[in-house]
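The structure appears below as structure tokens.
Derivation of every value follows stated rules applied to the coordinates shown; laboratory data play no part. Everything numeric here is computed off the predicted structure, so don't read it as measured data. Cβ coordinates were reconstructed from backbone atoms using ideal geometry, including for glycine residues, and neighbour counts include every protein chain displayed.
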Amino acid sequence: MPKAVYYHIYVVPKEGITTETIQTKIELSLDWFKYDKNLWIVYSTSDVTKWMTRLKPLVETGGYLFICELNTDNRNGWMNKKFWEWLRKKK
């Protein structure tokens with residue numbers, strides 16, 4: 001089984017795509033945390049290409065999509081307790 005990693009995903013859907021539709025795709029990950037309107041961190045064994053395949057139809061044309069692997073070993077910040085608990089439980 002491939003190693004699970006974190007991804008930072010920014011999705012602004014094209015017209016007519018609901019948050020629920022995006023959520024259905026995000027739930028294909030092992031775990032996820034939504035921390036702003038269009039921002040998720042997902043924990044997944046799928047690679048960036050697979051995530052692009054899943055999400056691109058929801059943004060093309062007229063939306064935005066950015067996906068990158070997230071190194072959580074080198075981190076710092078000011079987030080709510082729920083976020084930090086979620087992030088730490090994966091380690």
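Things to note:
- Set of region 55-69 residues, backbone N closer than 17 Å to the point 7 Å along the Cα-Cβ line of residue 24: 55-60
- With the convex hull of its Cα atoms as the shape, the chain has an orientation-averaged projected area of 6.1 nm².
- Filtered GluC sites (Glu not before Pro), region 41-85: DSSP coil and at most 15 other beta carbons within 10 Å: 60
- Relative contact order for the chain: 41 percent, from Cα pairs under 8 Å spaced at least 6 residues apart, divided by residue count.
- Rounded to the nearest whole Hz, the Karplus-based 3J(HN,Hα) values (6.51 cos²θ - 1.76 cosθ + 1.60, θ = phi - 60°) of region 60-68 follow the sequence 7, 9, x, x, 9, 8, 9, 10, 8, with x at glycine and proline.
- Per the Debye calculation on region 1-51 with a single equal scatterer at every Cα and no solvent contribution, log₁₀ I(q)/I(0) for q = 0.15 Å⁻¹ amounts to -0.39.
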